[in-house]
1. Quick one: pull the percent of accessible area on the stretch 165-243 belonging to carbon and sulfur, 1.4 Å probe, ligands and nucleic acids left out.
2. Which far-off residues, 5 or more places away or on another chain, put their amide H under 5 Å from the one on V171, with H placed in the peptide plane?
3. Could you tell me the center-to-center distance, by alpha carbons, between the stretch 105-143 and the stretch 30-87 in angstrom?
4. At a 1.4 Å probe, what is the % contribution of carbon and sulfur to the accessible area of the stretch 1-131?
5. Would you grab the residues whose amide H sits under 5 Å from the one on R192? Only those 5+ places off in sequence or on another chain, please, with H modelled 1.01 Å from N.
6. May I ask you to list the GluC sites (Glu not before Pro) in the stretch 43-90 that are in a DSSP loop and have at most 15 other Cβ atoms within 10 Å of their Cβ?
7. Any idea of the accessible area per residue across the chain, 1.4 Å probe, to the nearest Å²?
8. If r is the Cβ-Cβ distance from E149 to L71 and R0 is 30 Å, what FRET efficiency results, to the nearest 0.05?
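The values are calculated or read from the model by the stated rules, or taken from the named source; none is laboratory data. Every value quoted in this text rests on a predicted model; they were computed, and no experiment measured them. Glycine also receives a Cβ, built like all others from the backbone with ideal geometry; neighbour counts cover every protein chain displayed. For accessibility, only protein heavy atoms count, side chains too; no ligands or nucleic acids. Shrake-Rupley method; radii C 1.70, N 1.55, O 1.52, S 1.80 Å.
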Amino acid sequence: MKVRIKLEYDGSNYSGWQLQVGQDSIQARLEAALERIFASHVRVHGSGRTDAGVHALGQVAAFELPRDFELDELKRAMNALLPPDIAIIDATAASGDFDPRRDARLRAYEYRVLNRDRRSVFDYRYAWLVPSPLNLDAMNEAAGRLIGEHDFASFRSLGSEETTTLRRVYVSEWRRDRDRFIYRVEAGSFMRHMVRTMVATMVEAGRGKLAPAQVTALIEARDRSLAPASAPPQGLFLIEVRY
């Protein structure tokens, strides 16, 4: 029986989603909990690999159960065994051929910027502190230039093994809530560090250090060295995966 789970996690204490030798990861914690329940190893596959320090409110994963198990009880058992910064939201039966990564039609992320002159003892793990004033209109003008199908080679992580750097972005917009700027982006898929590099570029536009029109030039250049360093991971949240 294949099970599909939806989960949330605070990625602050983990090396990311993926299993890594000698590192603590979300995938490792899930598999350890399942091994305690079933006394055998269960491989968990996720919809995508969030990086170290990145959070999720709607990650999706799937795995095969070694034996029949009531799903509400499975959710309760997993949550009892998982650390408090990882939680299973729901568990449902899935078709045998369900693949959480390949079957995903759209992924939505949010990035949070705290725009004030002092850090927050509550938000330092969940937002990027940017003390200089930001222009929301300039950031949204820059964000709009990312919508559509483009070659995002200028925004990917160097050395990443991607078969293509073409991506289609459906939503790209900022909103402001007092001293917080929140960016939402939706696309079929993203390359490693793509969202964080896009955010860093738009923040430069908000600071007045980059004209929004230069975003188009960055896309057309397809040169990672021309774009700013990626924004830090703690402001990034995987919000939703749609199928």
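1. Working: 1570 of 3460 Å².
Its accessible area is 45 percent carbon and sulfur atoms.
2. E186
3. 30 Å
4. In the stretch 1-131, the share of accessible area belonging to carbon and sulfur is 47 percent.
5. S157
6. E70
7. Ligands and nucleic acids excluded, the figure is 49 Å² per residue.
8. Details: r = 38 Å, r/R0 = 1.28.
The formula returns an efficiency of 0.20 here.
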